[in-house]
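One structure is given here, and the rest of the page talks about it.
The values are calculated or read from the model by the stated rules, or taken from the named source; none is laboratory data. Note that the structure is a prediction, hence the values are computed from the model and not measured. Reconstructed Cβ throughout: ideal geometry from the backbone, glycine too, with neighbour counts over all protein chains shown.
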Amino acid sequence: MNGVSSKFQASEASRSLSLLLLERGPTSAAPRARGVRGNARINPTSSDTKASLIQLKFSLLTVGLALCFSTVCCASDATFKPLEFPPSGSAHLLNGELVTADFIHRAGQFRDSKTGELHDFIMQSVAAILYNGAEADLRDVPLGTPMRFHVSNAGNSQIVLATDEISKNIPHIEPSNEAAAKEQRKNFIEFTKKRGVPGWIDKSDGNTLTITFFSGDPSNFKTMFRNDFVVGKDAAVCVANAELRTWNPGTDKEKATIVEIQNAPTDCYGCSGVRLVVNVPYMLEGFRRGRCVRVFGSGWPVKDSFYGESLMGYGYGRLQTTELMENVAKDYPDQFPFRTDYGNEKLPWFQLKTGIAPPPFAEHLVFGELVKADAAARTGQFRTDRSGEVVDFALIPEGEAKYLDAKATLADIPGGTRCRFHLFQDEKGAFTKASLVSDEFSFLATNGITYRIEASNLSAGKLNVARQIPETKNYNGDMERIPDIGRTELRVNESTRVWKNDQQVKLSDLAVGDALLINLTSEQKGSPSRCTDIWIGVNTHKLATESRKPKPAPKKK
Amino acid sequence: MMTMQHASFKKTLRLCVTLLTFVATREIVAADTPTDPNFAAAIKPFFAQHCTACHGEKKQKGDLRVDNLTINLDSPKIMGTWEEVMNRINSGDMPPVKEPRPKPDDVARVSDWIASQLRDAEAAKQSTGDRVTFHKLSREEYANTIRDLLGVTYDVNDPTGLPEDPDWHGFQRIGSVLTLSPAHVEKYLSAADMILNEALSLGAQPKRDLVHWSPFDLRGKAFEKEYQARGIADKVRVDLVPNNGALDDHTIDIKTAGEYLVRIKVSGMAPANGSPARLRLYAGDINRLLFEQDIDAPEDKPMTIEFRTHLPAGKHPIRIVNAVHGPNPEARRSRASGTPNHFTSLKTRVPWQIKFTDDDGKPIVPFLLLDWIEWDGPIVESWPTRAHQQIFFGGEKTTKDLAYAREIIARFAERAWRRPVKTAEVDRLVKLVEKAQKLGDNFETSIKTALLGILCSKNFLYIEEGNATAQSTQLTDWELASRLSYFLWSSMPDAHLLDLARAQKLHETGTLRAEVKRMVADPKAADFAETFPHQWLQLRRVGMFAPDKVLYPEYDEYLEKSMIAETVGFFGDVLKRNASIREFLDSDWTLLNERLARHYGIDGVKGANVHRVALKPDDHRGGILTHGSILSLTSDGTRHRPVHRGVWMLESIVGKAAPPPPANVPALNTPVPGAPKTTLREKLESHRSDANCAACHRKIDPLGMAFENYDAIGRWRTVETIKDGSGSDPKLDPSGELYDGRKFSDANGLKHFLLDDTDKFATAFAEKLATYALRRGITFSDRIDLKRVAEQAKANDYKLGSMIESLVTSELFLKR
């Protein structure tokens, strides 16, 4: 990445592709924290041979693509070649309904329209959303919207484009949709001006950068932004990560002078057709070939993204929600001498050492439904999400279980509860040693995340909820409600228990605006994940946790 | 814990020292007032024509009468009147505007004459006249003497050390200027106490400690445990951006003053053809640069540096700096990454940080990667220390009685005071020992009290010449030994010199010549080779007006040091080879390092240390007059000042200082917007058109204008870069005409004339040497002896070493 000879440097796209080999996708309850993680194969079996072959093919394809990108990255000035956007036709189409949107990580889930299968997706850096006839952000798309997902042929989680029905033939849209398209375009312009136009660095030469802008709607891009970028005018270039998140634009920005505007081909995914050549006073580590940037036009206010979306959160209190922090395993893989769920596939996994607490990111995170547990022996069994594979596990001596955000024994966690298993390899190389087993309630509570009901359709057994983080003090010292970080669809049925304060109530007691914590079942084929329990309101959440804590012994008289 | 009696005793000691040194500083200067034929030939007629009508016998306007003014070098009032007369005439105030104007040449002649009388008066004040004269040691001399006497390093630049010595025309060792104040006394007392604590082994041997600063110590412990668990803690390093990118101060706690070994493991990388990264360690509280060096070591092959330094006891905040030009260090982009990580390799820098390498991994800015710093000490060569063993010469088994104490004191005092000690002097000091012992001090500690008295005595702090009981015009051999050693070593005489003094052989010409040769060849002469040119050429003015960072972005501390190193090293090279002083005026070589060579536009010079480099004509350098130090020391931070350059030439090379300017000199006019660009020379022409100004400036300006091709920081140029005005930048004109009518076209032409007049330069140079050696200005009567020195120099082709020998063996050096 930074400072590495370009021939060893993988572009963000190829990195995402290689990560694809690991993940199987989370369940509906929460978009995966920290980008792509999940349920890699734990115990290879004979039935996995076919899957292994597929994996091998993907590996070869990934290596091939990585080499392609590296070759491009190696190009000298004499043979400068711009980075390659995914060519048209390099994706296959899947139709589905949007069921989860992670605004911050540009990821989510959709349910296949034909099969009902749950698919995870991650938007490539160049990927765009088209909605209502114009470019949009995930925030603009309501849950349940039928969409066409252009899934990269390199792997089944990376998408290069997602469109709704109205937008599938952009730039051509029906006259009846033009007004909506115009309104959507206006919203998107406003959205983008706050964050900067994304793009990547094609080339850095001395103090000159060549940047190609991203867009899913090149025909309108020039109308939307072209006039903001004019030769001779200033711009502000800010470093960004692959998820197009910036750190602290107000401070980090490099004031650039636009020296040239070039045309770029648009017969591909994600390219706006506009390439900018700018001079900057200082070169930053993030101004490297293949790295993403955000560019603010002349006169645009250059401010930090809101708290949670910004990678720095400067001036605010300590960020409680770890999934919003910079993923160091993903972004600085060279600082990890072992494989993680985010990179370093060629390295072995971290091996547990007696007396040494394993460092963060060393674990392999697996989601599964607890089948049985032996509290005394600290062992148990779980069924893995999606695959249904049954895994025997044991807690390591320093390991712990958490239930309802309190320390627990394995037996305290009701069977059928979907948990997160932080696993390490045993002597045979299988992932059976657990450092942490925690339910969804515990994860959400630790990270300060709650679900806020936006819409309720109990007859269909669905709740549309927004994913929110706590209010926090802003730069002025005032408490501020932070914008939502995502939304998702929760499934409920008659078995779902609903709790308010210390009482069990009915599903019909749920109301729009309620802040929920939940537990779930796992997602299995033909059996979508559903809520086992729902706790309504902060007071209920506290009481639930309190109920788990050991009560002081009564005083002897 | 100090008792009341101890405190009272120390107070008494302090008072004695104060009184003794105050007595020593009272000087009575006898003036010399020769008759001057110029007065009758030129000055008196001038007064008669232009002044006496209003300031003569019949009328004394303003209570001033000039026709009967005499020269009395002893009278500040009379000499002050002369100064006022000179200023009025120079400024054109007098004669009044309505009266006929005197010719500019006549005005110049009168001003010059009065100025020379004033200089003589000043020099006379400084010269001997009393039976005993006292010249205080400069602070460098103090430190050197302590080093040679006791083997202890005393840092004079420490802000808590001795005050900086005042300057007189560049010289910081003029006896009458180096006065003593109560603050000095306190400093000397505390310095002597500290020095003796280190020199003597009065307590237990200090324990040698090793303090290791890891990157976590320097950057914060936040990730230490996590990185240890991850297995990368040993990979963490500290990345330092260029342009003084610094860590926060880190404090080293030195429990025992002494010598310390400092080790640093570091990599440093720089772009091809760019300046290397430069590691600097600076102790802010003692204002001391501990270490500075260019670092060239790849990321995967760091180098380990080790150096030795003396550190006083205390907590010292240390700044660790990458002192090379580069991007602005103040914005966050120049800071450590902190969250989310610590630096472990060039691949792990954070995107918002300044880019260190290009996409091929090659450095694009000079940066440092620090692994650790270790502080190892104090280094104790022997215990007891050598100084302790020398002072307590009898060893542990000797009877520690007053007789032994007397012997110790006598031996030490003779060395410290640089002469035999009188019985009464020793008696007084032995009484201190007795008193200290009565108060409970053991033998060694009580001896320390006496040694303290010796080091705070006027006999140590001053070079004393003369005899209170009998007038003497010649130095004794003991006094000669001190004069000679402080001239060539800036330190006390060594045993050999003292032996020659004891044998009364030092004053013999042959002995003196041999000693000069020996002393110039001794490593201690490095002090002379550095201090004399520094003071003669007024190098302390280099960088005094810091060059503007916008106009001269490439000027930095390293360049400034390199410039000074060139000039000082040049002098040292001429001294070492006993070469001719002509080479100061022009040469086909100089000393350069890579940094300075790049500044001069000279290719092919590598390395951080200055070394001899042959010059070609199109390098436009040669001799000291085209050194960057000399050319820049007269600049004002924004532009060069040719008039100041001319004044410097007159003072330092020609030896005829210009009269001071009058008070009413107007500033240069602000350029009119849109007016054609003009050079500074052209602007100065307009203000020199005034006849009163022209008289002096005809002598001054050409000597400065000759170097117009060199800008404010000594770079060669052919046009003058001018921001405001219309048209292209004008071509420079370095031509001029000397006062005697000789014309030159550029600096080389001027240098030829100066070489033609080498005898005049030799006389001026001899005067500077004498001022330095004798620690006073040169009087009229001194010039006769100096003329002989210059004549001998001519016979020896003006060789520097030979000139020094001639001076030392001259009557001037041997007399008070």
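Can you tell me which residues in the stretch B:456-480 are of a type in the set (Ser, Thr, Tyr) and crowded, with 20+ Cβ neighbours inside 10 Å? Quick ask: steps written out before the conclusion?
To start, the set of residues in the stretch B:456-480 that are of a type in the set (Ser, Thr, Tyr) comprises B:457, B:462, B:469, B:472-473, B:476.
Passing the criteria: B:SER457, B:TYR462.
Going by what's in this entry, would B:ILE630 be described as assigned to a helix (DSSP H, G or I), closer than 30 Å to B:ARG119 by Cβ and within 24 Å of the chain's Cα centre (by Cα)?
For B:ILE630, the condition - assigned to a helix (DSSP H, G or I), closer than 30 Å to B:ARG119 by Cβ and within 24 Å of the chain's Cα centre (by Cα) - is met.
Return yes or no: is B:ASP360 over 23 Å from B:LEU281 (Cα atoms), within 14 Å of another protein chain (Cβ to nearest Cβ) and either surrounded by fewer than 19 Cβ atoms within 10 Å (Cβ to Cβ) or in contact with a His (Cβ under 7 Å, 6 or more places away or on another chain) (or both)?
Values: over 23 Å from B:LEU281 (Cα atoms): yes; within 14 Å of another protein chain (Cβ to nearest Cβ): yes; either surrounded by fewer than 19 Cβ atoms within 10 Å (Cβ to Cβ) or in contact with a His (Cβ under 7 Å, 6 or more places away or on another chain) (or both): yes.
Against the criterion (over 23 Å from B:LEU281 (Cα atoms), within 14 Å of another protein chain (Cβ to nearest Cβ) and either surrounded by fewer than 19 Cβ atoms within 10 Å (Cβ to Cβ) or in contact with a His (Cβ under 7 Å, 6 or more places away or on another chain) (or both)), B:ASP360 qualifies.
Does A:GLU345 qualify as being more than 30 Å from A:LYS549 (Cα to Cα), acidic (Asp, Glu) and either away from every other protein chain (no Cβ under 12 Å) or crowded, with 16+ Cβ neighbours inside 10 Å (or both)? Quick ask: steps written out before the conclusion?
Working: more than 30 Å from A:LYS549 (Cα to Cα): yes; acidic (Asp, Glu): yes; either away from every other protein chain (no Cβ under 12 Å) or crowded, with 16+ Cβ neighbours inside 10 Å (or both): yes.
Here the answer is yes, as A:GLU345 does meet what is asked.
Across the stretch A:384-413, which residue is farthest from the chain's Cα centre (by Cα) among those that are among the hydroxyl-bearing types (Ser, Thr, Tyr) and part of a strand (DSSP E or B)?
Going residue by residue through the stretch A:384-413, those that are among the hydroxyl-bearing types (Ser, Thr, Tyr) are A:384, A:387, A:403, A:409.
Next cut, part of a strand (DSSP E or B) only: A:384, A:403.
On the way: A:THR384: 21, A:TYR403: 25 Å.
Among residues in the stretch A:384-413 that are among the hydroxyl-bearing types (Ser, Thr, Tyr) and part of a strand (DSSP E or B), the one farthest from the chain's Cα centre (by Cα) is A:TYR403.
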_Out of everything in the stretch B:734-746 that is in a loop (DSSP other than H, G, I, E, B) and at pLDDT 90 or above, what residue ends up being nearest to B:TYR710 (Cα to Cα)?_
B:PRO734
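When you go through B:ARG715, B:ARG776 one by one, which is the residue that is under 30 Å from the mean Cα position of the chain (by Cα), surrounded by 23 or more Cβ atoms within 10 Å (Cβ to Cβ) and not aliphatic (A, V, I, L, M)? Explain how you work it out, then say what you get.
On the way: B:ARG715 fails: surrounded by 23 or more Cβ atoms within 10 Å (Cβ to Cβ).
Just a single option satisfies the conditions, and that option is B:ARG776.
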*Only one of (1) crowded, with 17+ Cβ neighbours inside 10 Å; (2) farther than 18 Å from B:ALA297 by Cα; (3) of a type outside the set (A, V, I, L, M); (4) more than 32 Å from the chain's Cα centre (by Cα) fails for B:HIS212. Which number is that?*
(1)
*Failed item, numbered, when A:PRO171 is tested on (1) of a type outside the set (Ser, Thr, Tyr); (2) farther than 30 Å from B:ASP358 by Cα; (3) in a strand (DSSP E or B)*: (3)
_Failed condition for A:GLY513, given (1) crowded, with 18+ Cβ neighbours inside 10 Å; (2) modelled with pLDDT of 95 or more_ = (1)
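Conditions tested, residue by residue: (1) in a loop (DSSP other than H, G, I, E, B); (2) of a type outside the set (Lys, Arg); (3) in contact (Cβ under 8 Å) with a residue 60 or more places away in the chain.
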| site | (1), (2), (3) |
| --- | --- |
| A:ARG467 | no, no, yes |
| A:GLY477 | yes, yes, no |
| A:PRO483 | yes, yes, yes |
| A:GLU489 | no, yes, yes |
| A:GLU494 | yes, yes, no |
| A:VAL498 | no, yes, no |
| A:GLN504 | no, yes, no |
*Quick one: in the stretch A:385-442, which of the residues that are surrounded by fewer than 18 Cβ atoms within 10 Å (Cβ to Cβ) and of a type in the set (Lys, Arg) is farthest from A:ALA373 (Cα to Cα)?*
A:LYS428
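Residue-by-condition table, conditions (1) touching a strand residue (DSSP E or B) at 6+ places or on another chain (Cβ under 8 Å); (2) at pLDDT 90 or above; (3) at the interface with another protein chain (Cβ under 9 Å from one of its Cβ atoms):
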site	(1), (2), (3)
B:ILE318	yes, yes, no
B:PRO329	yes, no, no
B:ARG333	yes, no, yes
B:GLY338	no, no, no
*Does the stretch A:308-324 contain any residue that is more than 26 Å from B:GLY326 (Cβ to Cβ), among the β-branched types (Val, Ile, Thr), within 26 Å of the chain's Cα centre (by Cα) and within 14 Å of chain B (Cβ to nearest Cβ)?*
yes
*For the stretch B:582-602, state whether one or more residues are surrounded by fewer than 17 Cβ atoms within 10 Å (Cβ to Cβ) and either of a type in the set (Val, Ile, Thr) or in contact (Cβ under 8 Å) with a residue 60 or more places away in the chain (or both).*
yes
*Only one of these conditions is not met by B:ASP441: (1) in contact (Cβ under 8 Å) with a residue 40 or more places away in the chain; (2) over 29 Å from the mean Cα position of the chain (by Cα). Which number is it?*
(1)
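Might you check whether a residue that is surrounded by fewer than 21 Cβ atoms within 10 Å (Cβ to Cβ), closer than 30 Å to A:GLN351 by Cβ and touching a Ser or Thr at 6+ places or on another chain (Cβ under 6 Å) occurs anywhere in the stretch B:233-242? Talk me through it step by step, then tell me what you get.
Step one: list which residues in the stretch B:233-242 are surrounded by fewer than 21 Cβ atoms within 10 Å (Cβ to Cβ), which gives B:233-235.
Now drop any that are not closer than 30 Å to A:GLN351 by Cβ, which leaves B:233-235.
Narrowing the set further to residues that are touching a Ser or Thr at 6+ places or on another chain (Cβ under 6 Å) leaves B:235.
Yes: the stretch B:233-242 contains one or more residues that are surrounded by fewer than 21 Cβ atoms within 10 Å (Cβ to Cβ), closer than 30 Å to A:GLN351 by Cβ and touching a Ser or Thr at 6+ places or on another chain (Cβ under 6 Å).
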*Identify, from the list B:ALA795, B:ALA762, the residue that is without any contact (Cβ under 8 Å) to a residue 24 or more places away in the chain, more than 23 Å from B:GLU122 (Cβ to Cβ), of a type in the set (Gly, Ala, Ser) and out of contact with any Pro (no Cβ under 9 Å at 6 or more places or on another chain).*
B:ALA795
*Restricting attention to the stretch B:218-239, does a residue exist that is more than 14 Å from chain A (Cβ to nearest Cβ), acidic (Asp, Glu), within 38 Å of the chain's Cα centre (by Cα) and within 21 Å of B:ILE373 (Cα to Cα)?*
no
*Can you run down the residue pairs with Cβ atoms below 8 Å, 6 or more apart or on separate chains, where the first is in the stretch B:498-512 and surrounded by fewer than 14 Cβ atoms within 10 Å (Cβ to Cβ) and the partner is not in a helix (DSSP H, G or I) and not basic (Lys, Arg)?*
B:THR509/B:THR809
